[in-house]
Amino acid sequence: QVHLVESGGGLVQPGGSLRLSCAASGMIFSLPVMSWYRQAPGKERELVASVSNSGTTNVADSVKGRFTISRGNAKNTIDLQMNSLKPEDTADYYCYARIGASSWWGQGTQVTVSS
């Protein structure tokens, strides 16, 4: 059973930074793609960024230039560096991974951007 565990959320002022981390346990293979999604109150879950095991990244236009996704040093870990945060970035952030027909979600970590 694969488990994804996120960490690093919290409260930050507009213009500030946060770094989210996600670690996947229970998978002996390298997950080909790992992603971050977010869901704001009353809105649908949306893709924020994804990274392949070769380092290829895909970042949503709404966060491009502010957020950076990367693979961690440990296998099946990813980080999301979030800079120049805006109130509209407030959401629950979820780690997601898929291999073949199987997929998994983390429990989510809350990010609140407010003065």
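For the chain, with all protein chains present and a 1.4 Å probe, just round the carbon and sulfur fraction of the accessible area to a whole percent. Kindly include the intermediate steps, with their values, before the conclusion.
Details: 2930 of 6100 Å².
After summing per-atom areas, the C and S share lands at 48 percent.
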* In whole Hz, what ³J(HN,Hα) sequence does the stretch 30-36 give by Karplus (6.51, -1.76, 1.60; θ = phi - 60°), x for Gly and Pro? -> 6, 5, x, 9, 10, 9, 10
* To do: Skip the ligands, DNA and RNA, and give the accessible area per residue of the stretch 25-115 with a 1.4 Å probe, whole Å².
  => 53
* Structure fact -> Karplus-derived 3J(HN,Hα) from phi for the stretch 59-69 (6.51 cos²θ - 1.76 cosθ + 1.60, θ = phi - 60°), whole Hz, x at Gly and Pro, runs 10, 4, 4, 5, 10, 4, x, 10, 10, 10, 9
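The values are calculated or read from the model by the stated rules, or taken from the named source; none is laboratory data. Note that the structure is a prediction, hence the values are computed from the model and not measured. Just the protein is used for accessible areas: all its heavy atoms, side chains included, with ligands, DNA and RNA removed. Shrake-Rupley method; radii C 1.70, N 1.55, O 1.52, S 1.80 Å.
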